[in-house]
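Let me begin by presenting the structure, written as structure tokens, before commenting on it.
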Amino acid sequence: MKVLYVTSEANPYAASGGLGDVMGALPLSVAENEDMTCEVIMPLYDTMKEVYRKDLELVCDLTFKHSWRNTGASVYKLNNGKVTYYFVENHYYFDRGRLYGEFDDAERFAFFSRAVVEYMLYTGNIPDILHANDWQCATAVIYLKTEYAKIEALKKIKTVYTIHNIEYQGKYDPYILGNIFGIDSKFKCILEFDGCINLMKGAIVTSDFVTTVSPNYANELTHDFFAFGLSPIIKAAKHKMLGVINGIDYGYFSPETGGDIYEAYTAKNYKSGKAKNKAALQAELGLPVKKNVPLIVMITRLTAGKGIDLVLHIIEELLQEDVQVAVLGTGDKEYEEAFAALGARYENMAALIKFDRVISKKMYAGADIFLMPSKSEPCGLAQMIACSYGTIPVVRSVGGLFDSIRTVGEEGANGFRFDNYNAHELLFTVKSALELYKNKTEWNKLTASAKKSDFTWSNSAAKYIDIYKNL
């Protein structure tokens, strides 16, 4: 069985977040099954590093009509283990110095989706399953079921569409349906929702199966609070929808192999290894090097959806405790300024207003407690990464955080959860973690349990293979 993953990003070639991590790992895990052939197709951005670009092999040059435009693309390929990656090159659309945030993103990714379909037709490389991701690739599914629906060679393709974050739906004025998307007005009813063209809605309706990135998030999306207006569409699609929790790359996020952290450590030398990483991290962050003072970290986008309001509401009270707090991230200016001011004011607080993968791994490895009080979290990877380093997550019972973290008192506990979006409920939960930290015997049991948590991609891959085979 051949699966073609259609994505706007994939590690290590281009990534801005969780989607890139998923598309860098899931196809490789699915391809471990001998019954599966996996390919990935994505745009060729000018941001791709030369170490990968130099090995690209030209597959074909395409010319095709997109709405009123006569346009074209070149398609290149690169083998990565058992997975072949294809890259769609068009200098006008993808040489922008960044992946997203352009005025014409709708046009850019509609072009990409049409190029994917035209590539399949031109080469005859037609998959059994086309698996598209998020709003940027929604039109790949929509085109197959509308403009290309009568083409015999494409009729047998089954489609899977994954919602990674429903907040971003691809909403546009209906006026551009023909001009930008090249979709006939007779199909307008498929995409129209709440007075807009909604690409995610169109993909949910037309796809053969819909997935999202955790079982709990799939249930939450039936409620207006989490679905950003699309709950009626989600409810109507429940018969063909499943939540499959993501995994993490243990080859990259592993204290045993080291890689960017101060010193590698295993379960056998966990205490000494953790202590060395903590001391080195405290020194690098400019915090007092104190072995027995719990170090709490946050590695996050500084936006309201990540629960930053809750943290800012209670952080000064928390800093009165015998603790240290470090925050890494960028986002809304008001949050950046607030944390920077706290870092300047408090000796036991460090604020790094930047995005830095290397220091983030050092923080995972050196911290005692990881804070993740999200208002909404489709899956979340940070809490899983924290567990792999024996760092205890404190999370809100939402989305994938609920699915992945068992709170103290539950079987297989690997962290702390709190239920309500309430600042003092967060504070009380953190204080519970600090109290347990004083009991080294119980704390060591909890860190050992966290490290044993199984977030391997093989679990998720098995569920996706079942979905593909059932289709």
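The values are calculated or read from the model by the stated rules, or taken from the named source; none is laboratory data. Only a predicted model underlies this, so the values are computations on that prediction, with no experimental measurement involved. All Cβ positions, glycine included, derive from the backbone under ideal geometry; neighbour counts span all protein chains shown. Accessible surface areas use protein heavy atoms only, side chains included; no ligands, DNA or RNA. Shrake-Rupley method; radii C 1.70, N 1.55, O 1.52, S 1.80 Å.
At a glance:
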read-out: Cα-Cα over 22 Å, subset of Lys290/Lys440; Lys171/Lys235; Lys77/Lys201; Lys155/Lys235; Lys65/Lys201; Lys150/Lys188; value: Lys77/Lys201; Lys155/Lys235; Lys65/Lys201
read-out: Heavy-atom accessible surface of the range 188-249: percent carbon and sulfur, 1.4 Å; value: 59 percent
read-out: Accessible surface of the range 334-449 [probe 1.4 Å, protein heavy atoms]: carbon and sulfur percent; value: 50 percent
read-out: For the range 272-288, 3J(HN,Hα) per residue [Karplus equation, 6.51 cos²θ - 1.76 cosθ + 1.60, θ = phi - 60°, Hz, x = Gly/Pro]; value: 5, x, 4, 4, 5, 5, 5, 4, 5, 5, 4, 5, 5, 7, x, 8, x
read-out: Percent of C-alpha pairs per 20 Å bin, the chain, short to long; value: 24, 53, 22, 1
read-out: Hz values of 3J(HN,Hα) by residue in the range 234-241 - Karplus curve (6.51, -1.76, 1.60), Gly and Pro given as x; value: 5, 4, 5, 9, 4, 5, 10, 10
read-out: Percentage relative contact order, the chain, counting C-alpha pairs under 8 Å, at least six apart; value: 12 percent
read-out: Heavy-atom accessible surface of the range 1-139: percent carbon and sulfur, 1.4 Å; value: 46 percent
read-out: Low-density loop positions, trypsin sites (Lys or Arg not before Pro), the range 87-189 - DSSP coil, at most 12 other Cβ in 10 Å; value: Arg98, Lys150, Lys155, Lys156
read-out: Per residue accessible area of the chain, 1.4 Å probe, in Å²; value: 41 Å²
read-out: Kirkwood hydrodynamic radius over Cα pairs of the range 172-323, then Stokes diffusion coefficient at 10 °C and 1.306 mPa s, in µm²/s; value: 78 µm²/s
read-out: Acute angle (nearest 10 degrees) that the helix 357-366 long axis makes with the longest principal axis of the chain, alpha-carbon atoms; value: 40 degrees
read-out: Contour minus Cα-Cα distance for Lys155 and Val358 (0.36 nm per residue); value: 68.5 nm
read-out: Nearest 10 degrees, 0 to 90: helix 423-438 Cα axis against the chain principal axis; value: 60 degrees
read-out: With all protein chains modelled, accessible area of Val40 [1.4 Å, Å²]; value: 0 Å²
read-out: Residue-span extension gain [Tyr52 to Asn459] - 0.36 nm each, minus C-alpha spacing; value: 143.6 nm
read-out: Among Gln320, Thr303, Leu352 - extreme Cα towards positive end, dipole of the range 267-376, charges at beta-carbon; value: Leu352
read-out: Cα centre as origin, Lys/Arg/Asp/Glu Cβ charges: the chain dipole, Debye; value: 740 debye
read-out: Probe 1.4 Å, all protein chains present, accessible-area order of Ser360, Ser185, largest first; value: Ser185, Ser360
read-out: Most to least accessible of Cys379, Cys196 (protein chains only, probe 1.4 Å); value: Cys196, Cys379
read-out: Dimensionless Rg over Rh [the range 1-60; C-alpha; Kirkwood]; value: 0.98
read-out: Loop sites in the range 52-129: chymotrypsin sites (Phe, Trp or Tyr not before Pro), DSSP, at most 14 other Cβ within 10 Å; value: Trp68, Tyr100, Phe103
read-out: Under 5 Å, built H, 5+ apart or other chain: amide partners of Gly72; value: Phe64
read-out: Semi-axes of the equivalent ellipsoid for the range 357-471, Cα gyration tensor, largest first, Å; value: 26, 17, 14
read-out: Those aspartates and glutamates that a straight Cα-Cα span of less than 14 Å connects to Lys361, excepting residues fewer than 8 apart in one chain; value: Asp249, Glu256, Asp260, Glu263, Glu284
read-out: Filtered trypsin sites (Lys or Arg not before Pro), the range 196-270: DSSP coil and at most 13 other beta carbons within 10 Å; value: Lys268
